[in-house]
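Q: Dropping the structure in here first, questions after.
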Amino acid sequence: MSWFKRDRKAIDSSVEDRRVLTEGLWIKCEGCREPVWKKDLEANTNICPKCGFHYKITARERLDLLLDEGWCEFDAGMRSTDPLKFKAAKAYKESLDSLPSRIGVREAVLNAEGTLAGMAVIAAAMEYSFIGGSMGSVVGEKITRSIERACSKNRALVIVSCSGGARMQEGALSLMQMAKISAALALLDKKGLPYISVLTNPTTGGVTASFAMLGDLNVAEPGALIGFAGPRVIEQTIRQKLPEGFQRAEFLVDHGMVDAIVPRKDLKNYIATSLRFFKE
Ligand SMILES: [Zn+2]
């Protein structure tokens, strides 16, 4: 019975084509659940034009946004060596080898020297797409070097955090970075040089527990998740329900843990004004 048989090929290939053409042009906003055109989002420094939800940006975009044109990177060549030969679902070495070519950075932080509204600064910005912006020995060393450079050149320091915390693939070596960086920041403080910490979504774990909270000024982007342990772990430990908005930037400002919430668009001006204030 050829009536019920399909002699010709199904026309599924054109359906496939259609999907490829529209794929990725629109996203459903995490903040307002509305469809947002990706181009609109990009033109708006990755902030939802409808609800103001702040999406992550890369470390390079961040430095372009904060620093004046002509900033240059330093310590760009440093790479982790996988000292523990760590293997979980994926071998650590595999990530270390494949990520730089895929996302264009060699580690989860970029160090930069340049000017911010005409003032000479040292800046570091974390890159979340590199193993969740986690802090291993190279991230710790690079941040320490940025602090030391600020000390030796008498410059203000700005660090933008975006991190899941210490890098488990380097075990205790990651945890040691917290103390090393904090000690370097104490030297910066002794020299009377300002350090502004910018906390973006998310800033958690060992990064929050060390340099992200040690700024002379700790400012956060709106809605940023900031905390040490995750809410589920805390609830299970203290056996209490956590309040609404717990660990969000707004909650932390209300409770004195963060100094101010500054939208991404105002961040450069805000930091410039603060640095001028510190100078006087
Ligand atoms: Zn939105």
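Q: At 7 Å along the Cα-to-beta-carbon direction for both residue 235 and residue 64, put a label point, then send me their distance in nm to one decimal.
A: With each label point 7 Å from Cα toward Cβ, the separation is 4.0 nm.
Q: What does the helix-only formula give at 222 nm for the chain: each DSSP H stretch with n ≥ 4 adding -39500 (n - 2.57), the total divided by the residues, and the result rounded to the nearest 500 deg cm²/dmol?
A: -11000 deg cm²/dmol
Q: Take the alpha carbon gyration tensor of segment 19-132, find the square roots of its eigenvalues, order them as a ≥ b ≥ c, and report rounded if a/c is under 1.5; if not, report prolate when a/b exceeds b/c, else oblate.
A: Oblate, because a/c is 1.5 or more while a/b does not exceed b/c.
Q: How many nm is it between the label spots at residue 84 and residue 183, if each spot is 7 Å from the Cα in line with the beta carbon?
A: For the pair residue 84/residue 183, the computed spacing is 2.1 nm.
Q: Then there's this: Stick to the Cα atoms of segment 146-278, pair each with every other, and give me the Kirkwood hydrodynamic radius in Å at one decimal.
A: 15.6 Å is the Kirkwood radius here.
Q: Tell me which lysines have Cα within less than 21 Å of residue 85's Cα, excluding those fewer than 8 residues away on the same chain?
A: Answer for residue 85, where 21 Å is the Cα cut-off: 93, listed by chain and number.
Q: Report ³J(HN,Hα) in whole Hz for each residue of segment 131-144, in order, from the Karplus equation J = 6.51 cos²θ - 1.76 cosθ + 1.60 where θ = phi - 60°; Gly and Pro get x.
A: 6, x, x, 6, 9, x, 5, 6, 4, x, 5, 5, 5, 4
Q: Over all alpha-carbon pairs in the chain, figure out the percentage whose distance exceeds 36 Å.
A: In whole percent, the long-distance tail amounts to 22.
Q: At what distance in nm do the modelled label points of residue 43 and residue 255 sit from each other, each positioned 7 Å from its Cα along Cα→Cβ?
A: Here the answer is 4.0 nm between the modelled labels.
Q: Excluding residues fewer than 8 places away in the same chain, name every one of the lysines whose C-alpha is closer than 20 Å to that of residue 268.
A: Once the sequence-local lysines are set aside, what remains near residue 268 is 56, 279.
Q: For a footprinting-style exposure proxy, rank 42, 69 by other Cβ within 10 Å, fewest first.
A: By the 10 Å Cβ count, ascending: 69, 42.
Q: Would you mind ranking 162, 32, 72, 151 by Cβ crowding within 10 Å, fewest neighbours first?
A: Fewest-to-most ranking of 162, 32, 72, 151: 72, 32, 151, 162.
Q: Sticking with this structure for a sec: Based only on other Cβ atoms within 10 Å, what is the fewest-to-most ordering of 203, 81?
A: So the residues, fewest neighbours to most, are 81, 203.
Q: Out of segment 198-280, which chymotrypsin sites (Phe, Trp or Tyr not before Pro) are coil in DSSP terms and have no more than 13 other C-beta atoms within 10 Å?
A: none
Q: May I ask you to evaluate 6.51 cos²θ - 1.76 cosθ + 1.60, the Karplus curve with θ = phi - 60°, for each residue of segment 46-56 and list the ³J(HN,Hα) values in order in whole Hz, giving x for glycine and proline?
A: 6, 10, 4, x, 8, 10, x, 4, 8, 7, 5
Every number here is computed from the coordinates shown, using simple stated rules; none is lab data. Keep in mind that this is a model prediction, so the values were computed, not measured. Note that each Cβ is placed from the backbone with ideal geometry, even for glycine, and that neighbours are counted across all protein chains shown.
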